[in-house]
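Okay, structure first, notes after.
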Amino acid sequence: MRRYLEKWIGTDVHTHMGTEWLTGEPVGMWYSVNDYAMVQTIDAYLRATGDVGWLVRELPGPGGEAVSVVAHIDRFACSWQRFRSESGLADYGGIGNLLECVSTYVHEVASLNAANVWMLRRAAEIARLLGGELAASWYEAEADVLVVDLQELYAEGAGHWYARQPDGHRVAVRHCYDFSTVAATIAQDLPEQQRTEMVDFFVRELQTPTWMRALSDRDTDASFSVRPDHQWTGAYPAWPPNAAAALYTFGRADIASAWLHGLAKSANQGPFGQSHFADGVLAPESGGALKAPAEPPWINDWTCSSNGAWVALIVGSVFGVQLGLDGSVTASPQLEGLDPDARLVGLRVQGRTWDVDRTGAHERT
């Protein structure tokens, strides 16, 4: 993982979506999520390995200048300032930089602006670990301002969010990416009423018995495309586990656990594909949501690396495992509606092994 991170740190994440598996060369267009993805992956690596010494190692960035890893984290966490609009939020450009097939999900979107808050707070935690209290305070102050600005995009009473356009007007976007990303990044900043409204929106417009819709079929953009990974016809394989994680975060383990039984039926076709069709769009397969084919107009791959999100759901939400930069491991399992005797065994964190059951995390001796 560290080797990949060092490769990507030296790659211009603002002109490419990733690197090619065989050659290692940059490929594709810029994806607006890249900064968030980099900080997420670096953060997870640090918490799992405890490799804090790596933070002071100097590595060349895209321009060739070598700076410390912690300086690169600052670069990613503060990159949003390059795209900051008069509203205070970052404008992430057009359809090609975002969801590709939702024409209204452009410019100032809630998901990635909430992710900016999360990145600043993670940068603060890392800075504080290294004794940089002044830098940590600055990151946290910036994050607090962003949270206030972000609330201007919320559709009060409806549970979904708006995307603000360059001319200032807001367009309603009833998309799961806002639901799950806001929950993953700033749940603690949301009042209880807003959390309730967001859950109600998800259950009412996105959730289906064995899968989900990425975009509500009530959204004005639902006629734009039938692509099932990000539109109303289905969902990308990371969207159901991310949405279930959001339900756990919002305190609705009852909804999440009941849904997991239905989602499990969609695994009867083998690994989850790049997307599956939502219930009711096409006939089910083997009791679950049909995997989308590669042929037009669907154009989806047979499987997808984002299936890793299911592991994150089990470890981080069902078993509630949290890893500290200092090597601490805590767990608050939410096994309601599942097996109360379920155990997660052999979890390796910073050279130590842990088992988790309904009473919490226990280090092996």
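Of the residues making up region 120-155, those that are of a type in the set (A, V, I, L, M) and not in a helix (DSSP H, G or I) number 2. For residue 13, state whether it is touching a Leu at 6+ places or on another chain (Cβ under 7 Å) and surrounded by 18 or more Cβ atoms within 10 Å (Cβ to Cβ). No; evaluated as a whole, the condition is false for this residue.
Residues of region 5-32 that are within 25 Å of residue 55 (Cβ to Cβ) and of a type in the set (Gly, Ala, Ser): 10, 18, 24.
Can you tell me which of 306, 328 is among the polar types (S, T, N, Q) and within 18 Å of residue 212 (Cα to Cα)?
306
Screening residue 49 with (1) of a type outside the set (Gly, Ala, Ser); (2) at pLDDT 95 or above; (3) touching a strand residue (DSSP E or B) at 6+ places or on another chain (Cβ under 8 Å) gives one miss only, at (3).
Scanning region 61-82 for residues that are of a type in the set (D, E, K, R) and under 30 Å from residue 171 (Cβ atoms) turns up at least one hit.
Among the listed residues 224, 179, which satisfies the condition of being surrounded by fewer than 19 Cβ atoms within 10 Å (Cβ to Cβ) and of a type in the set (Phe, Trp, Tyr)?
224
Touching a residue at least 60 places away in the same chain (Cβ under 8 Å) and over 21 Å from the mean Cα position of the chain (by Cα): is that true of residue 219 in this structure? When the stated conditions are applied, residue 219 passes them. At least 3 residues being buried (at least 16 other Cβ atoms within 10 Å of the Cβ) is the threshold, and among the strands (runs of 3 or more DSSP E) wholly inside region 281-363 those reaching it are 344-349, 352-357. Of the conditions (1) over 15 Å from residue 208 (Cα atoms); (2) within 19 Å of the chain's Cα centre (by Cα), residue 224 clears all except one; give me its number. With (1) over 15 Å from residue 208 (Cα atoms); (2) within 19 Å of the chain's Cα centre (by Cα) applied to residue 224, the lone miss is (2).
From the list 195, 204, 252, 213, the one residue that fits, being surrounded by fewer than 18 Cβ atoms within 10 Å (Cβ to Cβ) and modelled with pLDDT of 95 or more, is 204. The residue pairs whose first member lies in region 332-350 and is farther than 18 Å from residue 252 by Cβ, whose second member is of a type in the set (Ser, Thr, Tyr) and not in a strand (DSSP E or B), and whose beta carbons are closer than 8 Å, counting only pairs six or more residues apart or on different chains, are 350/49.
Taking residues in region 92-110 that are surrounded by fewer than 19 Cβ atoms within 10 Å (Cβ to Cβ), and partners anywhere that are charged (D, E, K, R), the pairs with Cβ atoms closer than 9 Å and at least 6 places apart or on different chains are 100/227; 100/229; 103/221.
The values are calculated or read from the model by the stated rules, or taken from the named source; none is laboratory data. None of these values were measured; they are calculated from a predicted model. Positions of Cβ are generated from backbone atoms using ideal geometry, with glycine treated the same way; all protein chains shown enter the neighbour counts.
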